[in-house]
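The values are calculated or read from the model by the stated rules, or taken from the named source; none is laboratory data. On a predicted model such as this, the values are computed, not experimentally measured, just so you know. To get the accessible areas, we keep the full protein, side chains included, count just its heavy atoms, and leave off ligands, DNA and RNA. Shrake-Rupley method; radii C 1.70, N 1.55, O 1.52, S 1.80 Å.
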Amino acid sequence: MALPPQQEQPTTTTVPPQQPEPRQTGVTQEDLTYRSQELGRLGKLFGSREQSPGNIAGLAIIVAFLILIAIVFAPDSLSLPKKDVFTLVSGIITLTLGFLFGRSTSN
């Protein structure tokens, strides 16, 4: 009894799927370098010209609240009572909040 000849299985090659082209965002390395040079060292901390007044005021509020917390735990001194320091720091907080929420833009 003769076995039928075995047929070779066709070899299939799979083509890898096409990778989509990376989308261009419009921001180049030159743009990032220019922006970094424009901001400078303090600009990296406080933000751009439009953002820096608000960021600095926010930083002032945070520092003032930290001072208020320190006043609560600090011992009272004869030369500078806690009440006077509290009044001074709360005035700075009020002034800063007035700057943040009271400023208007006029074009």
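Note on Phe65: accessible area is roughly 100 Å² with a 1.4 Å probe, heavy atoms of protein only. When the alpha-carbon atoms of region 49-107 are used, the pair Rg, Dmax equals 14.5, 51 angstrom.
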